[in-house]
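The values are calculated or read from the model by the stated rules, or taken from the named source; none is laboratory data. Fair warning: this is a prediction, and the values are worked out from it, not measured in the lab. Cβ coordinates were reconstructed from backbone atoms using ideal geometry, including for glycine residues, and neighbour counts include every protein chain displayed. Protein only, heavy atoms only, side chains kept; ligands, DNA and RNA dropped before computing areas. Shrake-Rupley method; radii C 1.70, N 1.55, O 1.52, S 1.80 Å.
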Amino acid sequence: MAMDTMQTPAPGSGYPIRFDVQYPESSSRLLNGLLFIKFLLAIPHLLIIYALSAVLQVIAFIAFFAILITKKYPRGLFDFAVGILRWQANAGAYIGMLRDEYPPFGWEPGNYPLTFEVDYPENLGRFAPLYKWILAIPNLIVFFVVALVAVVMWFIAWLAIIFTGKFPRGMFDFIVGTMRWQNRLYGYAFYMFTDEYPPFSMK
């Protein structure tokens, strides 16, 4: 059954790549205080994701030439790539203290309080894969600065969870926003999901 978080549009729904995580009202002090517990529990996921990451690189390689020749991302490969990244996002939210529910073994949407959606592009610029990563460099530079701030906030949030059992809402939104930015940026520059330039924004 679909989670409630999947019933409303994710923030930034005007962009073809959408990401969001439902805010938890409470967080486990034990699971998150001893981070290695979540890591150990997530090892089966991590092994599968590691293998799927190699598949994702192969898909990107094939898609690169398919777009150059046909201006289209093969739909089956596109859905497979999005599914892999959704699985990674679910596991990452669990290990990263954003959610305490154990993630499902799979990539079907609606089975975890996390949204990762990508609109299928009917047509892509034939030669865009050759230069999009160059256009993305200014965005990457700003993103990495924001990501450093997010890492500091994540550490502070970890301490807050240990003492209060809650992930501070402002820090949660900042970290999720940083992940949203990353997904848009990587989807544009490296996974070739869209030709629409990602905004310099976490919203």
### Summary
If we keep only residues of region 49-88 that are open to solvent by less than 20 Å² (accessible area, probe 1.4 Å) and of a type outside the set (A, V, I, L, M), then the residue nearest to Y102 (Cα to Cα) is G83
### Query
Of the residues in region 36-48, how many are open to solvent by less than 40 Å² (accessible area, probe 1.4 Å) and either in a helix (DSSP H, G or I) or over 17 Å from A93 (Cα atoms) (or both)?
2
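Among the residues of region 125-169, which ones are among the small types (G, A, S) and closer than 15 Å to Q182 by Cα?
Initial filter on region 125-169 (among the small types (G, A, S)): 125, 128, 136, 147, 150, 157, 160, 165.
Matches in region 125-169: A136, A147, A150.
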### Query
Inside region 143-163, can you point out the residues that are out of contact with any helix residue (DSSP H, G or I) (no Cβ under 7 Å at 6 or more places or on another chain) and either open to solvent by less than 80 Å² (accessible area, probe 1.4 Å) or assigned to a loop (DSSP other than H, G, I, E, B) (or both)?
V149, L159, A160
### Query
Quick check: is even one residue across region 117-124 touching a residue at least 12 places away in the same chain (Cβ under 8 Å), open to solvent by 70 Å² or more (accessible area, probe 1.4 Å), in a loop (DSSP other than H, G, I, E, B) and more than 29 Å from I48 (Cα to Cα)?
yes
#### Entry: Failed item, numbered, when I162 is tested on (1) more than 14 Å from the chain's Cα centre (by Cα); (2) at pLDDT 95 or above
(2)
### Summary
Apart from one, (1) open to solvent by 40 Å² or more (accessible area, probe 1.4 Å); (2) outside any loop (DSSP other than H, G, I, E, B); (3) not polar (S, T, N, Q) all hold for L140; the odd one out is (1)
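Test Y102 against the criterion of being in a loop (DSSP other than H, G, I, E, B) and more than 20 Å from F193 (Cβ to Cβ), and give yes or no. Don't jump to the end; show me each part of the working.
On the way: in a loop (DSSP other than H, G, I, E, B): yes; more than 20 Å from F193 (Cβ to Cβ): yes.
Yes: the conditions hold for Y102.
Being open to solvent by less than 50 Å² (accessible area, probe 1.4 Å) and in contact with a helix residue (DSSP H, G or I) (Cβ under 6 Å, 6 or more places away or on another chain) narrows it down to one residue among F172, F167; which is it? Steps first, please.
On the way: F172 fails: in contact with a helix residue (DSSP H, G or I) (Cβ under 6 Å, 6 or more places away or on another chain).
One residue alone meets the criteria, F167.
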